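Student: One structure is given below, represented as structure tokens, and several questions about it will come after.
The values are calculated or read from the model by the stated rules, or taken from the named source; none is laboratory data. These figures come from a predicted structure and were not determined experimentally. Positions of Cβ are generated from backbone atoms using ideal geometry, with glycine treated the same way; all protein chains shown enter the neighbour counts.
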Amino acid sequence: MIAVTGATGQLGRLVIKHLLKERTASHIVAVVRNPEKASELSELGVEVRTADYSEPEALKGALRGVEKLLLISSSEVGQRVPQHQNVIDAASQTGVKLIAYTSLLNVDNSPLMLAAEHQATESYLAQSGVGFVLLRNGWYTENYLASIGPALENGGFIGSAKEGKISSAAREDYAEAAAKVLLSELPQQGNVYELAGDESYTLAQLCAILSEASGNQIPYIDLPPAEFSAALVQAGLPLPLADMLADSDAGAAQGALFNDSKVLSQLLGHPTRSLREQIKASL
């Protein structure tokens, strides 16, 4: 059986959708915190098991009989390391053969504040004795698409990425890639995939596409990270999230979100979704 943690999240649901194209639902386990949110998965015949990343015993129960596991990184930044360790320990104790972990693009030398927890998780995996494969996901294009509405409303797109190039991809692309790795009959243990979109763009170039597609002139306004974070807080984001987004943009200015290897599209067997297509769909 193949299990997916965080299965009701934005990425997890998409991974299961792609798994169901190749496997019957009875061979897929959705590990979720709230089973009420997994009713659609249950209706499809997917086995839903309840476990929180912070509940070691529940995790062991949820992973019994599982051969391959997709460990989707926790959304609780600052708590990820012990939570991921709980999942890895449970996988080790229940005989899971392979863990695919959603890590971070360029994590080995990334300046992003998000990198440390991913580095620690990768290190723990290496010491766990469980076979593992690393899916080092780049930035989700959706992270920027979420700013289109405010940009149109305010007549400008703010950020802190300067002229840094960003090789983002759609969440759907990353999900399909994860499913392909889990379904692959080729040995995956020890593989490291640096996953990023085929296109690389600056936020100024994103704004040029947005301006053309929307018919409105939307300039890119680059701010110091502290000012960008403050603006996000003023717009209603929690301070930790605002700081993380500002830090990620600052990292992008240093090349942290750039990768032109096209490993993702090679794994998919088709090009990643274009930025222009995604902007048009978002509009």
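Student: For region 1-31: of the residues being over 24 Å from H84 (Cα atoms) and of a type in the set (A, V, I, L, M, F, W, C), which is nearest to the chain's Cα centre (by Cα)?
Tutor: Per the criteria, the residue is L20.
Student: Identify, please: which residue in region 59-80 is among the β-branched types (V, I, T) and modelled with pLDDT of 95 or more and is, among those, surrounded by the fewest Cβ atoms within 10 Å (Cβ to Cβ)?
Tutor: Taking the candidates together, the pick is V66.
Student: Got a sec? Which of V66, V31, V15 is in contact (Cβ under 8 Å) with a residue 12 or more places away in the chain, in contact with a helix residue (DSSP H, G or I) (Cβ under 9 Å, 6 or more places away or on another chain) and part of a strand (DSSP E or B)?
Tutor: Within the list V66, V31, V15, the selection yields V31.
Student: Also, I was wondering about something else. Determine, yes or no, whether G159 is closer than 20 Å to H118 by Cα and either buried (at least 19 other Cβ atoms within 10 Å of the Cβ) or touching a residue at least 60 places away in the same chain (Cβ under 8 Å) (or both).
Tutor: When the stated conditions are applied, G159 does not pass them.
Student: Here is a further query. Given the conditions (1) over 19 Å from the mean Cα position of the chain (by Cα); (2) outside the structural domain of L98 (by TED's automatic domain parsing); (3) outside any loop (DSSP other than H, G, I, E, B), and given that A179 satisfies all but one, which numbered condition is not satisfied?
Tutor: (1)
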